[in-house]
Structure formats: C-alpha cells, structure tokens
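Below is one structure, written out as structure tokens; comments come after it.
The values are calculated or read from the model by the stated rules, or taken from the named source; none is laboratory data. It should be emphasised that the depicted structure is a prediction, and the values quoted were computed from it without experimental measurement. When we count neighbours, we look across all protein chains shown, and the Cβ atoms used for this are built from the backbone with ideal geometry, even at glycine.
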Amino acid sequence: MIESRHLTKRYGEKTAVDRLDFTVKPGGVAGFLGPNGAGKSTTMRLILGLDAPTGGTAHINGRRYAQYAAPLQEVGALLEAKSVHPGRSAFAHLMGLAYTHGIPRRRVEEVIELTGLQAVAQKRAGAFSLGMGQRLGIAAALLGDPATIILDEPVNGLDPEGVRWIRDLLTSLAAEGRTVFVSSHLMSEVAQVADHLIIIGRGRLLADTTVHDLIRQAGGDRVKVAGADPARLRELLAGPGVAITDRTGSEELEVTGLPAREIGSRAAAAGIALYELTPVPVSLEQAFMDLTSDAVEYHGSTPLARTAAGADDQAAKNGSTA
C-alpha cells in the first residue's frame, strides 16, 4: 500500500506538489494522471525518497522507503529507463543490482525472459533503443519480486506488441495482490488496465476515483434517442437539469441528464415507439481533458488557430496603415 498524507514539495516559490492525500491499495492498478508539469514525477520521487518533502509524508506499507534494509525486495521502481551504465550489458546491469541484495542468478535470468530481453541480454545497454531500455528498466524493477511496483511512463517507446505486453503484465501483477502505481499519458491504455485513478493538476489532487465513475460524471448521462414522435418526446423529457439537442430534419435527439432507462420508461408510458436508445460513451481522454482544462500549464496552438491569429494581426496592420 502507498499512502501520501499532505505531501508537499516546494522549490523556492514554486509549489510542485501541494498537500497531496491519496492511498493506493494492493490488488489493483492505480493510474496516476495529470498534464505535463502537474507534479507526477516529483510525487513519485518523493515516495521513493529521491527528493525530501517540504511537508507531509509518503509511506510504502507503513514505512518510508529509506527505512527498508532491502528496498528492491519491497519496492520495484522505474522512473528513468536510461539510468544504466551504457557500457554494461543488460545481464551485467541486472547482476550488479542482484549482488546488492543477495538475489540469485536464476532470478536475473527469469526477469530477462519475462521482459523479452533474451536476444540482447549480452549487448551493451548504451546501444539499446528506447523500447529496449524500458524493458530493461522494468526488469530491474521486478528483480526483487517486490510487493509494490511504481512505474513512470512504462509504455514510452514501446511498439504495439510491447504496449500489449505491459498491459498484460500490469494486470497480472495486480491479480497477484501487488500494489501497482503507474503514470501514463496514454489514456486508452490506462482505461484498459486501471481500477483506480489519481489525477493531479498544478500539484493538487483533482480526482481520486475509478475510470467508470470519472467517465460517467463527464458524460452526464448522454443518450441518443430516436422515436416516432420527436416533438412530443422532447416535451416529455424536458425538465430541470435536462438538456436536449436535435438534428434538423432528423428523428434523433441527444439527451443529457436522464439515464437511458428513465427515457425508455417515459416513452413507453406515453406510447411513443423508440427506434434507438443508445448511451453516448465518453472516452477517458475526453473526461481527463475536461477535468484538467484549468490545470494545464503548457498550451500549444493549433495550425488553424495560428492561421486565424495571423489573419487578425494582418488585418490590424492594414487598418492601422489605412
């Protein structure tokens, strides 16, 4: 279990992590999400004792990371895949870590096989691709067979097969009763593996929830409805907290604020035949974007927006010289 209580980190006047409270329990995958600069990596560094908190605490199974005599056998972590001497082979790197904890050679061979590194185990890590470097970092994290796994962007640089492998690995680790804490920017992957979401922005906790609940809240019970009498159906469904939109010349309505079951019941009671009654899904990505829209520090502009801005600037110049 990972517990963060009022965890805070300041760098001068900059507050990178602001009184974070959350708990990651065993037996599931917790997705750690937030925009760039939200404080995710800093939080993970605080949990692992790589940075000292300005305030609050971060405990793993009731203790600070630094209090473990054999940390590799308690916590497996990947924060930076390239933290390896480039002149060492993958095997030598893992054996060096194993020696520090009395881990046998057979375990090194097991994690090499588990992570698909057999063909490159004797090659220098400095020549590894980003994806191979990620696999080596994950092998190091799993070396001590730890009960807690913390991974920062583990799918970064992996090909589709590697992404699917990570997905299956995280799910299997959680099924074994381990605590799995993973940050990622790939919402589609998080949606498939995470039971629990911790979302932060500007160092503050924005949500501590599940994928299902976050999507449900963002969707607002949006339902597509098509019936024999759209005008009457609209009147029937209208009410406080209900928004209804339609397409001109179409039988379709999109209703927000009423669940599909309620819509169907009202239509049936009024004798209106329905041709379609479909909940409109909201993706995790959209739900995340809606939640964090006010917490994004780094905004880019679209080509269309830049073109429009350029046109406005030119029009202003023309007006000023007329």
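Can you find, within region 40-51, the residue that is nearest to LEU72 (Cα to Cα) among those that are touching a helix residue (DSSP H, G or I) at 6+ places or on another chain (Cβ under 8 Å) and surrounded by fewer than 21 Cβ atoms within 10 Å (Cβ to Cβ)? Outline the logic, then answer.
Within region 40-51, the first condition is being touching a helix residue (DSSP H, G or I) at 6+ places or on another chain (Cβ under 8 Å), and the residues that meet it are 47-49, 51.
Cutting the leftovers down to surrounded by fewer than 21 Cβ atoms within 10 Å (Cβ to Cβ) gives us 48-49, 51.
Working: LEU48: 11, GLY49: 14, ASP51: 18 Å.
This residue is LEU48.
Among helices (runs of 4 or more DSSP H) lying entirely in region 157-272, which contain 2 or more residues that are modelled with pLDDT of 90 or more? Before you say what the answer is, go through the steps one by one.
Numbers: elements: 160-175, 187-193, 211-219, 230-237, 260-269.
Filter on region 157-272 gives 160-175, 187-193, 230-237, 260-269.
Please work out which one of (1) more than 25 Å from the chain's Cα centre (by Cα); (2) in a loop (DSSP other than H, G, I, E, B); (3) of a type outside the set (Lys, Arg) is the condition SER83 fails and give its number.
(1)
Do we have THR23 as within 26 Å of LEU214 (Cα to Cα) and either touching a residue at least 12 places away in the same chain (Cβ under 8 Å) or not in a strand (DSSP E or B) (or both) here? Give the steps one after another, and end with the answer.
On the way: within 26 Å of LEU214 (Cα to Cα): yes; either touching a residue at least 12 places away in the same chain (Cβ under 8 Å) or not in a strand (DSSP E or B) (or both): yes.
So THR23 fits the description; yes.
Regarding LEU143, is this residue modelled with pLDDT of 95 or more, surrounded by 19 or more Cβ atoms within 10 Å (Cβ to Cβ) and either under 19 Å from GLY27 (Cα atoms) or among the aromatic types (Phe, Trp, Tyr) (or both)? Explain how you work it out, then say what you get.
On the way: modelled with pLDDT of 95 or more: yes; surrounded by 19 or more Cβ atoms within 10 Å (Cβ to Cβ): yes; either under 19 Å from GLY27 (Cα atoms) or among the aromatic types (Phe, Trp, Tyr) (or both): no.
No, not satisfied.
Which ones in region 1-31 are at positive phi and touching a helix residue (DSSP H, G or I) at 6+ places or on another chain (Cβ under 8 Å)?
GLY27
Could you identify the single residue in VAL108, VAL84 that is β-branched (Val, Ile, Thr) and over 28 Å from THR43 (Cα atoms)? If you could, list the steps in order and put the result at the bottom.
Values: VAL84 fails: over 28 Å from THR43 (Cα atoms).
Sole residue among the options that is β-branched (Val, Ile, Thr) and over 28 Å from THR43 (Cα atoms): VAL108.
Taking region 80-118 only, how many residues are under 15 Å from ILE138 (Cβ atoms), at pLDDT 95 or above, charged (D, E, K, R) and exposed (fewer than 14 other Cβ atoms within 10 Å of the Cβ)?
1
Take GLU74 and tell me if it is acidic (Asp, Glu), under 27 Å from ALA140 (Cα atoms), in contact (Cβ under 8 Å) with a residue 24 or more places away in the chain and out of contact with any Pro (no Cβ under 6 Å at 6 or more places or on another chain). Full working, then the answer.
Details: acidic (Asp, Glu): yes; under 27 Å from ALA140 (Cα atoms): yes; in contact (Cβ under 8 Å) with a residue 24 or more places away in the chain: yes; out of contact with any Pro (no Cβ under 6 Å at 6 or more places or on another chain): no.
Here the answer is no, as GLU74 does not meet what is asked.
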